[in-house]
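Readers should treat all values here as calculations from the given coordinates under stated rules, not as data from a laboratory. As the structure is a computational prediction, the values presented were derived from the model and not from experiment. Counting neighbours? That spans all protein chains shown, and the Cβs are built from the backbone with ideal geometry, glycine included.
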Amino acid sequence: MTHDALTQLRDGLAALRGDDLERRRGLLESPQGVRIRLDGRDWLSFCSNDYLGLAAAPELIAAGHAALDACGVGGGASHLISGHHTAHHAFEVAFAGFVGKPAALLFSSGYMANLGVLTALLGRHGEVFADRLNHASLNDAAQLSGAQFTRYAHGDLAQLEAQLARSQSQQKMIVSDLVFSMDGDIAPVDALLDLAERYDTWLYLDDAHGFGVLNDGRGGLTDRAAKSERVIYLATLGKAAGVAGAAAAADNTVIEWLIQKSRPYIYTTAMPPMLAACLNASLHLIAEGAARRKTLHEHGLTLRSGLADLRWKLLPSDTPIQPLIVGDNGAAVALSQALRARGLLVPAIRTPTVPQGTARLRMTLSAAHTADDIDQLIGVLHEI
């Protein structure tokens with residue numbers, strides 16, 4: 001006799017397949033990079049967030065080998081017990097100085113960091129004001145905080161101001177991606193800070209896709225925002241930094257409060273110190289990475305110029321994220337599969353990740369791509 005709940009799950013999976021919404025995991029058999037081996041086949045990849053090509057950089061590999069001897073493998077305990085290693089501390093100090101904030105706190109992932117910050121600083125008397133295109137982890141964090149969850153249309157600061165003006169909440173926080181992960185556009189940081197100052201709110205900026213790439217590698221945080229006590233800045237470290245984890249940077253008081261009150265930080269085993277040692281090496285490469293960022297910028301210019309006359313719309317983006325709007329879920333999947341047939345790995349992004357009718361190819365560029373790689377992608381898309 002079949003369990004009714006299991007039958008419902010099977011029916012749900014069948015519906016996903018019928019709507020071209022089923023997702024599957026490929027098996028990576030190589031280091032991350034622009035040329036990878038996945039599911040037994042070699043690919044030219046345009047689907048990684050390894051924007052600077054650091055995930056398999058020799059310098060990071062060497063740092064990892066050295067740290068294995070010095071630190072061992074596992075973190076062994078939470079940070080507040082005995083797991084807070086000198087490698088963690090060194091990275092927190094270096095990261096805070098690099099982005100221009102007084103202090104920083106290292107989390108095991110960006111998802112955990114968003115949960116940890118919002119739930120520690122807000123409660124049922126608070127209110128989150130969130131851009132409608134924010135990452136899912138920010139939305140989940142807002143809901144789990146217990147605060148009122150108010151969303152404004154993407155980039156609509158007039159609507160945001162009207163919401164702030166009406167709010168009677170005791171605690172308020174504006175929350176925004178800094179680089180929006182599916183559109184590739186950049187939040188107006190100083191304009192958001194203007195509103196945060198006018199209505200006395202926190203401003204939380206999740207810079208998952210800008211850190212390492214924008215502003216000499218420091219990400220999308222402006223000088224003014226770096227100096228503001230009300231701005232909390234988050235950078236994820238598994239993308240351009242090439243390693244793992246995330247770091248929140250803020251005023252010393254905010255970081256100390258998070259250490260005391262952020263449950264995802266308190267109640268989890270510390271990141272392996274080996275990874276923190278790799279992050280320290282990565283930070284040096286990011287600081288010295290002007291040539292990588294120049295190459296990445298040139299790749300973007302070439303791609304946008306080469307695809308300007310396609311029948312699909314390329315969204316304007318000055319970041320490594322280059323979205324090509326196809327529209328229908330099935331059509332986006334078919335286009336992705338046509339690229340796969342030619343050895344190019346470019347994912348189709350569908351609902352619910354993006355709004356209905358805006359399914360797309362999400363092409364991500366890396367400094368490790370060559371000019372020939374970009375030309376190949378352009379040529380194949382025209383051929384299709």
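Ratio to report: Rg/Rh of the chain, with Cα atoms as the point set and Rh obtained by the Kirkwood method; give two decimals.
0.97
Between beta-carbons, use under 13 Å as the cut-off and find the net charge around Ile384, counting Lys and Arg +1, Asp and Glu -1.
Spelling it out: positives minus negatives among the neighbours equals +2.
Using the Cα atoms of region 139-195 to build a convex hull, what is its mean projected area in square nanometres?
4.3 nm²
Taking H as built 1.01 Å from N, whose amide H comes closer than 5 Å to the amide H of Gln148, not counting residues under 5 places away?
Here the answer is Gly126, Glu127, Val128, since their amide H atoms fall under 5 Å of that of Gln148.
Taking amide H atoms as placed 1.01 Å from N in the peptide plane, list the residues 5 or more away in sequence, or in a different chain, whose amide H sits under 5 Å from that of Ala368.
Sorted by chain and number, the residues that satisfy this are Gly53.
Run the numbers for Ala90 and His284: contour at 0.36 nm per residue of separation, minus the present Cα-Cα distance, in nm.
Gain in length upon complete extension: 68.6 nm.
Could you check the simple spin-label distance between Ala14 and Glu229, using points 7 Å along Cα→Cβ, in nm with one decimal?
Taking the simple label geometry, Ala14 and Glu229 are separated by 6.1 nm.
Go ahead and run the numbers for FRET between Leu21 and Leu68, Cβ-Cβ distance against an R0 of 41 Å, rounding to 0.05.
0.50
What's the magnitude of the charge dipole for region 58-287 around its Cα centre, counting Lys and Arg as +1 and Asp and Glu as -1 at the beta-carbon? Answer in Debye, nearest 20.
500 debye
Which residues does a label at Ala153 reach in region 117-145, if reach means a backbone N under 14 Å from a point 7 Å past the Cα toward the Cβ?
Residues 132-133 fall inside that zone.
Counting other beta carbons within 10 Å of each Cβ, put Tyr267, Tyr111 in order, fewest first.
Listing Tyr267, Tyr111 from fewest to most nearby Cβ atoms yields Tyr267, Tyr111.
Once the dipole of region 58-287 is set up with Lys and Arg at +1 and Asp and Glu at -1 on Cβ about the Cα centre, which of Asn252, Asn134, Ile61 lies farthest towards its positive end?
Asn252
Work out the charge dipole of region 58-287 with +1 on the Cβ of Lys and Arg and -1 on the Cβ of Asp and Glu about the Cα centre, then indicate which of Leu192, Gln163, Leu237 is farthest towards its positive end.
The listed residue farthest towards the positive side: Gln163.
Among 51-60, 177-186, how do they line up by average Cβ neighbours within 10 Å per residue, starting with the highest?
Descending mean neighbour count gives 177-186, 51-60.
From the phi of every residue in region 364-373, what ³J(HN,Hα) in whole Hz does the Karplus formula 6.51 cos²θ - 1.76 cosθ + 1.60 yield, where θ is phi - 60° and glycine or proline is x?
Calculated HN-Hα couplings, in order: 10, 9, 9, 5, 7, 5, 9, 4, 5, 4 Hz.
Hey, if you put +1 on the Cβ of every Lys and Arg and -1 on every Asp and Glu Cβ in region 291-384, which of His382, Ala368, Val354 ends up farthest toward the positive end of that dipole?
Value computed over the given set: Val354.
What is region 190-276 by shape, rounded, prolate or oblate, if you read a ≥ b ≥ c off the alpha carbon gyration tensor as root eigenvalues and call it rounded for a/c under 1.5, prolate for a/b larger than b/c, and oblate otherwise?
Taking the square roots of the gyration eigenvalues as a ≥ b ≥ c, region 190-276 is oblate.
Given q = 0.18 Å⁻¹, what are the Debye log10 I(q)/I(0) values for region 58-287, with equal point scatterers placed on the Cα positions and solvent ignored?
Here the Debye-derived log intensity ratios amount to -1.31.
Calculate, in nm to one decimal, what Ala191 and Ser30 gain on full extension: separation in residues at 0.36 nm each, minus their alpha carbon distance.
Contour length minus the Cα-Cα distance gives 53.7 nm.
Given Cβ point charges of +1 (Lys, Arg) and -1 (Asp, Glu) and nothing else, what value in debye, to the nearest 20, does the dipole of the chain about its Cα centre take?
Result for the chain is approximately 500 debye, rounded to the nearest 20.
Quick one: if you stick a label point 7 Å off each Cα along the C-beta vector at Arg340 and Gln356, how many nm between them?
Taking the two extended label points, one gets 2.6 nm.
Under 26 Å Cα to Cα from Lys294, which lysines show up? Leave out anything in the same chain fewer than 8 places away.
Within reach: Lys101, Lys239, Lys313.
Taking 0.36 nm per intervening residue step and subtracting the Cα-Cα distance, what contour gain separates Leu310 from Thr7 on full extension?
Roughly 104.7 nm would be gained on extension.
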